[in-house]
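Trainee: Next up is a structure, given as structure tokens.
The values are calculated or read from the model by the stated rules, or taken from the named source; none is laboratory data. Owing to the predicted nature of the structure, the values given are computational and were not obtained by experimental measurement. Quick reminder, even Gly has a Cβ in these numbers, built from the backbone with ideal geometry, and neighbours come from all protein chains shown. Calculation scope for accessible area: heavy atoms of the full protein, side chains included, ligands and nucleic acids excluded. Shrake-Rupley method; radii C 1.70, N 1.55, O 1.52, S 1.80 Å.
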Amino acid sequence: MRAETESNGGWLSIGVVWAIALVGSVIVISLAYGGTRAWFGDADALGVYDALGVVLATSVVGALAAQLATRRPPGFVVRASASVGGAALVVALAALVVAPTLSA
């Protein structure tokens with residue numbers, strides 16, 4: 001029972017990582033629909049996915065840092081997996097949202 005209660009404290013950090021992914025994705029989506037064509041010096045039509053890759057990478061690093069900051073070893077893998085998995089889902093949905101801008 002003690003291991004169960006010790007692992008419950010890191011769930012707030014999962015929400016923070018998802019929020020980072022959501023905010024980053026919304027910024028990329030709004031810039032993509034706003035007409036931005038050059039991303040990180042790449043004027044290719046698929047450059048928007050480079051920006052989403054940076055959002056995902058930031059979320060992964062943030063997830064690991066946030067879970068290490070909780071200082072709760074029990075449940076680390078579960079919490080880190082939930083953080084990264086949720087961030088990947090958010091960024092994947094953002095990739096689907098920006099897909100129509102590629103043909104414009």
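Trainee: Only residues that are over 20 Å from Ala19 (Cβ atoms) and either at pLDDT 95 or above or assigned to a helix (DSSP H, G or I) (or both): list them for the range 39-75, please.
Mentor: Of everything in the range 39-75, those that are over 20 Å from Ala19 (Cβ atoms) and either at pLDDT 95 or above or assigned to a helix (DSSP H, G or I) (or both) turn out to be Gly47, Val48, Tyr49, Asp50.
Trainee: Taking the conditions exactly as written (within 22 Å of Val97 (Cα to Cα), small (Gly, Ala, Ser) and at pLDDT 90 or above), does Gly85 satisfy them or not? Break it down into steps so the answer makes sense when it comes.
Mentor: Working: within 22 Å of Val97 (Cα to Cα): yes; small (Gly, Ala, Ser): yes; at pLDDT 90 or above: yes.
Judged against the criteria, Gly85 is a match.
Trainee: Sticking with this one: When you go through (1) open to solvent by 20 Å² or more (accessible area, probe 1.4 Å); (2) closer than 15 Å to Leu12 by Cα one by one for Ser59, which number turns out not to apply?
Mentor: (1)
Trainee: Inside the range 62-84, can you point out the residues that are basic (Lys, Arg), buried (at least 20 other Cβ atoms within 10 Å of the Cβ) and without any contact (Cβ under 8 Å) to a residue 24 or more places away in the chain?
Mentor: none
Trainee: Of all residues in the range 86-103, how many are more than 8 Å from the chain's Cα centre (by Cα), over 12 Å from Val28 (Cα atoms) and not aliphatic (A, V, I, L, M)?
Mentor: 2
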